[in-house]
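What follows is one structure encoded as structure tokens, with my remarks underneath.
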Amino acid sequence: MEGAVFSLTEGAVRILLCKLGCLLSEETWLVRGVHGEIQYIKDELECMNAFLRTLTISEIYDDQVRIWMKQVREIAYDSEDCIDEFIHNLGESSEMGFFRQLIFMLRKLACHHRIAVQLQELKARAQDVGERHSRYGVELAKATHQEVHPRLTRHASVHLDPQLHALFAEEAQLVGIDEPRDELVSWLMKDDIRLRVLAIVGFSGLGKTTLARMVCGSPVVKSADFECCPLFIVSQTFNIRALFQHMLRELIQEPHKAMAIAGGKNGLISEDYLEGMERWEIAVLTKNLRRYFQDKRYIVILDDIWTVSAWESIRCALPDNLKGSRIIVTTRNVDVANTCCSRPQDRIYNIQRLSETTSRELFFKKIFGFADNRPPSDELEEVSNSILKKCGGLPLAIVNIGSLLASKTNRTKEEWQKVCNNLGSELENNPTLEGVKQVLSLSYNDLPYHLKACFLYLSIFPENYVIKRGPLVRRWIAEGFVSQRHGQSMEQLAESYFDEFVARSIVQPVRTDWTGKVRSCRVHDLMLDVIVSRSIEENFASFICDNGSTLASHDKIRRLSIHSNYNSSQKTSANVSHVRSFTMSASVEEVPLFFRQLRLLRVLDLQGCNCLSNETLHCMCRFFQLKYLSLRNTNVCKLPRLVGNLKHLETLDIRATLIKKLPASAGNLIYLKHLLVGHKVQLTRTASVKFLRQSSGLEVATGVVKNMTALQSLVHILVKDKSPVLREIGLLQNLTKLNVLLRGVEENWDAFLDSLSKLPSPLRSLSIHILDEKEHSLSLDNLAFVKSPPLFITNFSLGGKLDKLPPWISSLRNVSRFALRHTELHAEAIGVLGDLPNLLCLKLYYKSYADESIVFRPGKFAKLKLLIIDNLERIEKVLFEGGSVPNLERLTLSFLQEPRYGILGLENLAKLKEIEFFGEIILSVVTKVASYVKAHPNHPRVIGDKWNIVTEYA
């Protein structure tokens with residue numbers, strides 16, 4: 001956890017140093033008046049930051065160091081708040097009249113005096129903390145250069161290694177392991193002389209080690225002719241020399257000694273074979289291991305591999321001797337699993353959480369000694385469900401919490417409820433749950449320091465909250481957790497952080513799109529308890545709870561999250577004037593009284609809150625540091641006139657609101673990167689089919705958009721009549737995503753085509769939809785005349801009448817998603833789309849296709865994975881010819897009436913995994929398809945999704 005302290009502190013200091021440097025370059029008299037104090041604080045913090053970086057080479061931080069680091073962070077935060085307010089008050093007054101200028105200057109002087117006093121106080125605090133560093137410098141310097149091993153040894157002597165639970169688990173106590181064990185044993189014993197690698201991958205505590213041990217310990221494997229079946233724990237503290245020495249002892253020295261004691265023959269291994277091994281180079285150790293394995297059919301378990309480099313180092317010692325050898329790897333990291341299993345004969349097994357039934361069996365078996373789905377008394381039923389929900393199918397958690405409850409003399413509802421309500425503190429303080437805490441903390445502690453603050457940030461969301469990728473990465477950027485890196489935008493870097501969490505299995509994917517990209521995730525309840533506890537301890541985040549109490553560890557709150565609708569949550573005794581991030585749950589019924597005090601906010605998330613008033617919105621316009629604002633899914637119908645005062649705003653999310661227009665002052669939002677509008681209705685559980693409400697576009701006044709030169713996402717902008725906005729869009733050279741809704745703009749086609757030709761090469765997503773109610777009043781055929789089409793886009797969506805696809809469509813070699821609606825195209829268009837080399841997803845929505853038959857020809861749609869056919873009016877036949885759509889995995893269908901000739905050629909879709917019917921499901925169509933796929937070699941499942949209520953048919 002110390003890495004988190006450094007990550008938070010160093011990040012806060014780094015941001016402040018940038019601001020201080022910019023401010024010191026100013027030549028105004030106001031800056032010159034406090035130049036000395038600012039320079040002193042900057043110099044002092046630079047020295048502190050350098051010392052912090054030195055500390056990262058050691059994992060030894062005593063309480064004195066932790067306290068010192070937190071004090072540095074608090075000074076950095078307070079200094080940044082002071083500097084931000086100072087910069088905010090440096091506005092020019094040249095355009096004012098004489099009397100207004102006089103009043104303005106007097107206010108500036110008062111502000112200058114107040115901030116000068118604050119800077120003097122901060123200088124004194126920095127000086128005091130600096131002296132404290134010097135005062136304890138000898139002890140800190142010693143800690144920095146000590147080895148890590150003493151600390152590990154100390155901890156090892158106090159705490160039981162959590163892996164011992166898996167290594168020595170009684171088989172009689174295990175529940176739900178038989179099926180996966182038998183499946184993997186069957187795979188392992190297939191007749192194949194090649195070396196095969198099995199990687200068992202998954203979240204902490206799912207039983208990866210236990211499963212691997214049970215696979216190797218099964219009678220089938222034990223009776224096979226494997227000559228050795230050892231288990232080697234690799235772990236986070238990976239040392240290749242120590243591991244190889246341990247392997248040689250386990251494989252050679254220990255059996256040699258055992259044979260000597262038994263009076264047996266030593267074979268080719270002499271007594272002094274490993275003499276002097278401690279001095280051997282890694283290359284010699286590797287050579288001797290390879291020599292040992294070379295003539296044997298071996299099976300080896302490598303438990304808990306954390307990094308790709310660790311695997312690659314070990315792999316050198318394990319030869320493929322064409323004797324049918326096997327390697328079993330357990331890991332929490334998907335990237336490691338993919339590297340281990342890079343050949344066709346290898347296999348990745350994603351270990352699953354226990355089902356609800358199996359979880360209950362294990363839970364009650366651990367407490368009462370019998371496997372059953374019900375507790376012995378009805379009064380324990382409800383609280384048992386709550387505890388098991390917290391465990392989330394995690395065997396380690398179920399076993400440890402079961403042990404804790406079994407140790408209680410009073411097995412009453414009240415006693416169990418107390419444990420359930422206080423699991424966070426129990427994890428911290430109860431020795432019975434030490435193993436769970438250690439296992440969960442290991443994944444967190446292994447994160448690079450720059451990711452730890454991002455992961456702690458997940459603590460602000462309530463239990464079971466589905467965290468969406470886009471909003472989360474934009475919040476990280478607004479908080480300053482993401483630094484610019486050469487060759488990568490901050491958005492790309494933040495997205496890589498999210499992917500890292502998924503790959504390390506420390507968050508649970510909730511929705512994965514057709515490209516395999518995780519779009520949303522959830523934090524396991526017990527992991528959430530761990531990071532909430534750390535957030536409070538480090539004053540990273542504070543929370544207002546159901547009883548109205550404030551969970552905070554410091555007099556100044558930096559990030560505040562309200563999950564409760566309890567009325568007392570409207571007040572708090574803590575100092576909220578320094579809050580940088582405020583999140584309010586949709587369940588909160590009243591905006592807190594302290595809301596107007598949150599002047600220094602960077603992030604404001606009010607998504608789903610329907611208690612917002614005009615006064616709330618007007619207060620919001622005074623939050624001059626605001627970078628991220630979400631009013632998504634609220635009842636707000638109008639933005640305040642002074643929204644342009646939020647000059648640092650980078651994200652404005654007003655999706656699913658009633659807002660129709662942007663005020664003219666929005667032209668001042670020159671740093672705005674993401675303007676997100678529109679209301680999409682999700683029609684399937686996978687969100688692959690969505691419908692945009694046509695009334696949800698946003699009108700923008702003339703001259704507003706052209707000032708927003710930083711815009712990257714302009715989503716669902718409404719252009720009608722002779723609006724000049726179409727020309728202004730062409731000035732936005734940072735756009736990566738553009739969604740335009742057109743209404744009655746026949747006169748403006750030239751302007752629009754000109755803008756399309758000027759769109760920048762970074763543009764990756766483009767959507768053009770006509771909203772005219774009058775049929776045939778406007779078409780998209782003019783797109784054929786775009787002089788310089790956007791050839792680098794990856795997502796493309798068209799809505800509106802179109803006689804044929806523009807000729808440049810065939811040149812979109814990067815496009816991976818293509819969506820059509822109301823285009824009324826013909827078979828020729830399907831042929832053009834079928835030749836796009838990287839098309840992964842094709843969505844044919846209502847009225848997009850006009851012919852009666854849609855035929856997928858051989859050699860077409862080579863990479864397509866997802867196909868959506870949505871209520872095509874005239875369709876009578878869907879045919880997949882042999883050799884067409886060879887990689888299709890999911891087929892999503894909806895029909896207005898049963899196609900006369902049916903859906904044919906499904907047997908030609910070799911990789912098909914799922915056929916999904918949605919909307920108004922025609923049962924006769926579903927039944928026929930379900931009967932067809934019974935003989936399909938891939939056994940795809942057939943499901944019906946009617947308004948997110950799923951029925952499985954096959």
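Readers should treat all values here as calculations from the given coordinates under stated rules, not as data from a laboratory. Everything quoted here is computed from the prediction, not taken from an experiment. Cβ atoms come from the backbone with ideal geometry, glycine included; neighbour counts cover every protein chain shown.
Table for the structure above
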{"read-out": "Residues 335, 555 arranged by fewest to most Cβ contacts within 10 Å", "value": "555, 335"}
{"read-out": "Neighbourhood charge, 11 Å Cβ-Cβ cut-off, centred on residue 894 and excluding it, Lys, Arg +1 and Asp, Glu -1", "value": "-3"}
{"read-out": "Contact order normalised by residue count of region 447-528, Cα under 8 Å, 6+ apart, percent", "value": "34"}
{"read-out": "Residue-by-residue Karplus 3J(HN,Hα) for region 508-515, coefficients 6.51, -1.76, 1.60, Hz, glycine and proline x", "value": "9, x, 10, 10, 10, 7, 5, 8"}
{"read-out": "Dipole moment magnitude, nearest 20 debye, region 177-350 about Cα centre, only Lys, Arg, Asp, Glu C-beta charged", "value": "200"}
{"read-out": "Size of electric dipole in region 310-382: Cβ of Lys, Arg +1 and of Asp, Glu -1, about Cα centre, debye, nearest 20", "value": "580"}
{"read-out": "Cα-based Lys pair tally, region 177-350, threshold under 21 Å, eight or more apart or on separate chains", "value": "12"}
{"read-out": "Net length gained if the chain between residue 554 and residue 403 were fully extended (0.36 nm per residue, minus Cα distance)", "value": "50.9 nm"}
{"read-out": "For a label point 7 Å along the Cα-to-beta-carbon line of residue 241, residues of region 281-307 with backbone N under 20 Å", "value": "281-290"}
{"read-out": "Relative contact order %, region 381-500, counting alpha carbon pairs below 8 Å whose residues are six or more apart", "value": "17"}
{"read-out": "Of 366/418; 680/877; 468/706; 720/847; 843/863, those spanning more than 26 Å from alpha-carbon to alpha-carbon", "value": "680/877; 468/706"}
{"read-out": "Under 12 Å, Cβ to Cβ, from residue 397 - net charge with Lys/Arg +1 and Asp/Glu -1", "value": "+2"}
{"read-out": "Extension gain, residue 486 back to residue 463 (0.36 nm per residue minus Cα-Cα distance, nm)", "value": "4.6 nm"}
{"read-out": "Relative exposure of 890, 374, 332, judged by other C-beta atoms within 10 Å (fewest first)", "value": "374, 890, 332"}
{"read-out": "Surrounding net charge for residue 665, when Lys and Arg each add one and Asp and Glu each subtract one, Cβ distance under 11 Å", "value": "+2"}
{"read-out": "Neighbour-count order for 208, 706, 366, 928, fewest beta carbons within 10 angstrom listed first", "value": "928, 706, 366, 208"}
{"read-out": "Whichever lysines have a C-alpha closer than 18 Å to that of residue 70, once near sequence neighbours (fewer than 8 apart) are set aside", "value": "42, 123, 452, 556"}
